[in-house]
Amino acid sequence: MLTYITRRILMLIPVLFGVSVFIFIVMRIVPGDLAMTILGNNATPESLHQLREDFGLNLPLYVQYFNWMSGVLTGDFGQSMRTGQEVLPDILSRFKLTFELTLISAFISWIIAIPLGIIAAVKRNTNTDFGVRLISLLGVSVPNFALAIIIILVLSLAFSYSPPIEYVGFFENPLQNLEIMIIPAIVLGSSMAGAVMRMTRSSVLEILRQDFIRTIRAKGARERIVIFNHALRNAMIPILTIIGLQVGTLLGGTVIIEQIFSLPGLGQLVLTAINQRDFIVVQGAVLFIAFVFVFINLLVDVLYSYLDPRIKYK
Amino acid sequence: MKQFLKRLRKDKVGIVGFVGIAMVIIIGLLAPLIAPYGPEEMSQTHVMEGPSKEFIFGTDEFGRDIFSRIVYGAQVSLQVGLIAVGIGAGFGLLFGLISGFFQGKIDQIIMRIMDVFFAFPDILLALTIVAVLGPSLTNTMIAIGIVFTPVFTRVVRGTVISVKENEYISNAVAIGVSPVNIIIKHVTPNIMAPFIVQVTLGLSGAILTEAALSFLGLGVQPPNPSWGVMLNDGRALMEFAPWTILFPAGAIIFTIFCFNLFGDSLRDILDPKLK
């Protein structure tokens, strides 16, 4: 197991290197002069020169990349081009919110999707199955931003709800924090639930058709044991795959949801930085999210080998 | 092919999806004939009016007819869907064929590059690319096309590897048919089934991503009638004029739902194991 994890981590190095090169190049191919883009057309030659000096924009590209990466590897993601503040502390403090939102959303989606997916598979081709399939299809077809707007509309008309103006951290006031987070999390979780529900249904169905399930049933095992101890455990691998992928989608989805619900998370930081053309913040935050995404996938891979020891890796 | 169409005709759910898609396409193509007003035509005397006989979906804060904007918005969505998926599917087909057929070092290089793209959540990658290129319809299509390329590459590569195992391919190699000819004449036609399913699902993904980017102000720019732009515009007014968000949201949901319905049906027909 340890060898496998070490090997998987080593395999990540070229991917993470590629990710950093890609982000760096994308941020440098901005049409026109980066300094001019930030300071505007009325900037004086002196201020442009100063900005280039401050952020090393006049250095050769490979030197700029090397400087940036040396900083990243020592925990220095650079400073915001707008505020001059350190980027990493801002990313980390905002990531707490994004991470919490992702976790609650994922949890909500699992408690909705996995039981419904199992029920649909067990009651295949019945009205229940049809209903669950319809819900899951709607789940994957309703964009989270549309759902968010519709929910806000309904809640505002029925209960005079409006998205919170000020965010309160979980450790400051857990109850108030949950009050703020629950609706965004329901919106994000519902959009993920559709995909997980579909995967749970088809995976459980696939396993229920296998010979070993017939043997277990023939031996007189209770249906509950068949489903939970045998079918679900074996169906967990594809379900985990989709969950892993969906957590990435959730991380992306937070960009939109944080904007709609005015939550000061990592997604909102990216969007604000994009609008302000603050490329040091954008490249730092996008790199951070990509790293988190890659490590979640690593975690999912490690869980595979735990759930199914037959999986052997070359 | 005949058998495929026969099975498709029997699949009622798939037909519903297909009819829905056909409706959106027809509405988009015939927009100038269907829409009673121009998409940017303003009327100061009909600002934020609710649905009525004159304006069946109501009007927005500039007195523009929401129904007409939704009808023209179908053109934008279809254009983005087709071109973005065209870019993603085109590059994905090319890279997937090369990667899967030749394997070895070229496969390693292509797939490691794709792994880099897979390391980003879709919407974040699209956002970053649009942020750099600048928000516009063309850049939105390019960004979505780039985001979709790795998915198509992976699907095509996987299928090519399994098709390559067939005897007719080794026979073609044995009699000296050139690799390019084998790829064009023997491999490509046999990977079309999963590729078409992916194209259908990609179309719904592209429409959704465009709407999301436009909603965030980084895709199609106002006053263009994109459904995402309309939804964003309607946010500030939704308590007083809920129709400004409900109809654009309905249009997005309906279109994506139909594409998913049809895509699912195609997948069930082509891979009955999943049914």
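Among the residues of segment A:130-153, how many are touching a residue at least 12 places away in the same chain (Cβ under 8 Å) and of a type outside the set (V, I, T)?
Qualifying residue count, segment A:130-153: 11.
Can you find a residue in segment A:34-52 that is hydroxyl-bearing (S, T, Y), over 20 Å from A:V294 (Cα atoms), open to solvent by 50 Å² or more (accessible area, probe 1.4 Å) and at pLDDT 90 or above?
No; the residues of segment A:34-52 include none that is hydroxyl-bearing (S, T, Y), over 20 Å from A:V294 (Cα atoms), open to solvent by 50 Å² or more (accessible area, probe 1.4 Å) and at pLDDT 90 or above.
Answer yes if at least one residue in segment B:162-177 is crowded, with 24+ Cβ neighbours inside 10 Å, more than 20 Å from A:G253 (Cβ to Cβ) and away from every other protein chain (no Cβ under 14 Å), and no otherwise.
Within segment B:162-177, not a single residue is crowded, with 24+ Cβ neighbours inside 10 Å, more than 20 Å from A:G253 (Cβ to Cβ) and away from every other protein chain (no Cβ under 14 Å).
Among the numbered criteria (1) open to solvent by less than 10 Å² (accessible area, probe 1.4 Å); (2) within 14 Å of chain A (Cβ to nearest Cβ); (3) in contact (Cβ under 8 Å) with a residue 60 or more places away in the chain; (4) over 28 Å from B:F4 (Cβ atoms), which one does B:Q221 miss?
Failing condition for B:Q221: (1).
What residue, of A:L92, A:L51, is away from chain B (no Cβ under 14 Å) and closer than 30 Å to A:L263 by Cβ?
Going through A:L92, A:L51 in turn, the sole match is A:L92.
A:S93 passes all but one of (1) in contact with a helix residue (DSSP H, G or I) (Cβ under 6 Å, 6 or more places away or on another chain); (2) closer than 27 Å to A:V247 by Cβ; (3) without any contact (Cβ under 8 Å) to a residue 40 or more places away in the chain; which number fails?
Against the list (1) in contact with a helix residue (DSSP H, G or I) (Cβ under 6 Å, 6 or more places away or on another chain); (2) closer than 27 Å to A:V247 by Cβ; (3) without any contact (Cβ under 8 Å) to a residue 40 or more places away in the chain, A:S93 comes up short only on (1).
B:I123 is checked against (1) within 15 Å of the chain's Cα centre (by Cα); (2) under 26 Å from A:F291 (Cβ atoms); (3) at pLDDT 95 or above and fails just one. What number does that condition carry?
(3)
In segment B:132-161, how many are free of Cβ contacts under 8 Å to residues at least 40 places away in the same chain and either within 12 Å of chain A (Cβ to nearest Cβ) or more than 26 Å from A:D278 (Cβ to Cβ) (or both)?
Summing the residues that are free of Cβ contacts under 8 Å to residues at least 40 places away in the same chain and either within 12 Å of chain A (Cβ to nearest Cβ) or more than 26 Å from A:D278 (Cβ to Cβ) (or both) in segment B:132-161 gives 4.
Filter segment A:253-264 down to residues that are within 15 Å of A:K96 (Cα to Cα) and open to solvent by less than 10 Å² (accessible area, probe 1.4 Å) and give me whichever is farthest from the other protein chains (Cβ to nearest Cβ).
A:L263
Suppose we filter B:F102, B:F120, B:F62 for residues that are surrounded by 19 or more Cβ atoms within 10 Å (Cβ to Cβ), of a type in the set (A, V, I, L, M, F, W, C) and out of contact with any Cys (no Cβ under 7 Å at 6 or more places or on another chain); which single one remains?
Exactly one of B:F102, B:F120, B:F62 is surrounded by 19 or more Cβ atoms within 10 Å (Cβ to Cβ), of a type in the set (A, V, I, L, M, F, W, C) and out of contact with any Cys (no Cβ under 7 Å at 6 or more places or on another chain), namely B:F120.
Any residue at all in segment B:235-248 that is at the interface with chain A (Cβ under 9 Å from one of its Cβ atoms), open to solvent by less than 30 Å² (accessible area, probe 1.4 Å) and in a helix (DSSP H, G or I)?
yes
Looking at segment A:131-148, which of the residues that are crowded, with 22+ Cβ neighbours inside 10 Å and more than 8 Å from chain B (Cβ to nearest Cβ) is nearest to B:D264 (Cα to Cα)?
That would be A:S136.
Inspect segment A:68-81 for any residue being touching a residue at least 12 places away in the same chain (Cβ under 8 Å), charged (D, E, K, R), in contact with a Ser or Thr (Cβ under 9 Å, 6 or more places away or on another chain) and surrounded by fewer than 18 Cβ atoms within 10 Å (Cβ to Cβ) and give the result as yes or no.
Yes; the residues of segment A:68-81 include at least one that is touching a residue at least 12 places away in the same chain (Cβ under 8 Å), charged (D, E, K, R), in contact with a Ser or Thr (Cβ under 9 Å, 6 or more places away or on another chain) and surrounded by fewer than 18 Cβ atoms within 10 Å (Cβ to Cβ).
The values are calculated or read from the model by the stated rules, or taken from the named source; none is laboratory data. Predicted, not measured: the structure shown is a model, and the values here were computed from it. Virtual Cβ from ideal backbone geometry, glycine too; neighbours counted across all protein chains shown. SASA here: full protein model, heavy atoms, side chains in, ligands and nucleic acids out. Shrake-Rupley method; radii C 1.70, N 1.55, O 1.52, S 1.80 Å.
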